[in-house]
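Here the structure comes first, spelled out in structure tokens, and everything after it is commentary.
Every read-out reported here was derived from the displayed coordinates using simple, explicitly stated rules and does not represent laboratory data. Computed from a predicted model, the values in this text were never measured in an experiment. Virtual Cβ from ideal backbone geometry, glycine too; neighbours counted across all protein chains shown.
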Amino acid sequence: MKQRLNYSKAVPEAMRGMLELEKYVHGSGFPRTIYELVKTRASQLNGCAYCIDMHTKDARRTGETEQRLYGLSAWRETPFYTEQERAALAWTEALTLISQNDVPDSLYEATREYFSEKEIVALTMAIIAINGWNRLAISFRTVPGSYKIQD
């Protein structure tokens, strides 16, 4: 695979909004472990190899286990995730696949059982952000494996 364009270098000012969104989520107090699961799951659904590579590396750095990362695509069939994580993953799938479904009140209410209003907004913003990053990486063919964890 050959990268078409390094979008962040070509037009750095275009990244400001995306980076501010990330800054908001990081500063919101939303649990980092759930955030990495959400970013990885959305990237799996979107087929973004670069982002899957990135977020599994970042998840491992936060202490995530191999077993949970390997089971993420089948999270409903495994006992590896908490009820709060399951709520976040269900919300992630509904929002990522929004053109194929509805986001029913029952899902919202189930998600609200585990997250405050502030947290559900942060979760939703995290999902919006990763779906945007996925579209950038896929469109411009960012090369999987090229992400390096930064200190």
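Could you sort 94-107, 55-68 so that the peptide with the highest average Cβ count within 10 Å comes first and the rest follow in order?
Highest-to-lowest ranking by the protection proxy: 55-68, 94-107.
Taking the alpha-carbon centroid of each part, what is the distance from segment 71-137 to segment 1-56 in angstrom?
16
Work out the count of Lys pairs in the chain where the Cα-Cα distance is under 22 Å, with the pair 8 or more places apart or on different chains.
Lysine pairs, 8 or more places apart or on different chains, close enough: 12.
What whole-number volume per residue, in cubic angstrom, does the convex hull of the C-alpha atoms of segment 16-139 give?
Here the figure is 108 Å³ per residue.
To make sure I understand, if each residue's beta carbon is the centre and we count other beta carbons within 10 Å, what order do T40, T33 fall in, fewest to most?
Least crowded to most crowded, the residues run T33, T40.
Are there DSSP H segments in the chain that both extend 20 Å or more along their axis (alpha-carbon positions) and score a mean Kyte-Doolittle hydropathy of at least 0.5? List them, or say none.
Those that pass (Cα extent of 20 Å or more, hydropathy at least 0.5) are 117-139.
Given the rule -39500 (n - 2.57) for each run of at least 4 DSSP H residues, summed and divided by the residues of the chain, what is its mean residue ellipticity at 222 nm, to the nearest 500 deg cm²/dmol?
Estimated from H runs of four or more residues: -19500 deg cm²/dmol.
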